[in-house]
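For reference, the structure discussed in these notes is given below.
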Amino acid sequence: MHSAVTPFLLHHWKEGARREQLTGWRGTSPEFGDIKVTSPLNRTRSEVVVAEVRGGSIPTATFESRGIHTEVLTRPTLNRITLRLGDAMVHTSRNRFALTHRGRALHMRYGGDRYRLWAVNRRRYVLMRQPDSEDPGVRITMTQSGRGRRRQITLTAAGRAVAADIALATLFTGVDRSVLTRRGTVRAFISRAFGLYAESQY
């Protein structure tokens, strides 16, 4: 069911001791109810890191990264990913060598719908369900503000959304999206290289 979306906030949260600490974002949409993003989930397998979003009126979605690089990550990245929405796989692709932010966007296909996710800057990203012959689509903007315990993310939507749109848009609050920009790609490479080196010294 398509619905106009009232802007709402997601607030940062964390629970548990340091080694087993869970973190993420949570808030309440007037139209889609309580929403909770956890990133990362408790690690049960080596070389795997997962983010998850759950809510009463949205399908559960998970974003999983695999590989040795995940041993030094606190959130999944856009490398070697598996994305699930409900019981279905979401097919993904992106151009790692594009020069613009939109060119580096993550493209997703879920059922008959096509999505594009791109970075505006480090604190803002956009998810768009592309229009087709039967639907004008929707554009959801996620904007982070504040610092420390006062961090929050504002979701605003232009167009009428379905539950899958909200699940995907909020899920990516728990994902490292740095490679969607060229500068972020360089920073991420350096950070992971040093992290893997430090890990190898133990």
May I have the extent of the alpha carbons of the stretch 127-188 along their three principal axes, as whole Å values ordered from largest to smallest? 41, 28, 15
Over the chain, with neighbouring protein chains present, the accessible area per residue in Å² at probe 1.4 Å is 56 Å²
Taking only Cα atoms, what is the 0 to 90° angle, nearest 10, from helix 182-200's long axis to the longest principal axis of the chain? 40 degrees
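Sorting Arg149, Arg45 by accessible area (1.4 Å probe), largest first, what list results? All intermediate terms of the calculation are to be shown ahead of the outcome.
Values: Arg149 235, Arg45 115 Å².
Result, largest first: Arg149, Arg45.
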If you roll a 1.4 angstrom probe over the protein chains with everything in place, what fraction of the accessible area of the chain belongs to carbon and sulfur, to the nearest %? 49 percent
Given the candidates Pro76, Ser178, Gly137, the one whose Cα lies deepest towards the positive end of the charge dipole of the chain, counting +1 at each Lys or Arg C-beta and -1 at each Asp or Glu C-beta, is Ser178
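Dipole of the chain, Cα-centred, from +1 at each Lys and Arg C-beta and -1 at each Asp and Glu C-beta, to the nearest 20 debye? Working shown, then result.
Values: 34 positive and 16 negative charges, 204 e Å.
So the magnitude is around 980 debye.
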One point scatterer per Cα, no solvent, Debye formula: log10 I(q)/I(0) for the chain at q = 0.19 Å⁻¹ comes out as -1.55
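The values are calculated or read from the model by the stated rules, or taken from the named source; none is laboratory data. What you are looking at is a predicted structure, and each value in this text was computed from that prediction instead of being measured. Methodologically, a virtual Cβ is constructed for each residue, glycine included, from the backbone with ideal geometry; neighbour enumeration extends over all protein chains shown. Heavy atoms of the whole protein, side chains included, go into the accessibility calculation; ligands, DNA and RNA do not. Shrake-Rupley method; radii C 1.70, N 1.55, O 1.52, S 1.80 Å.
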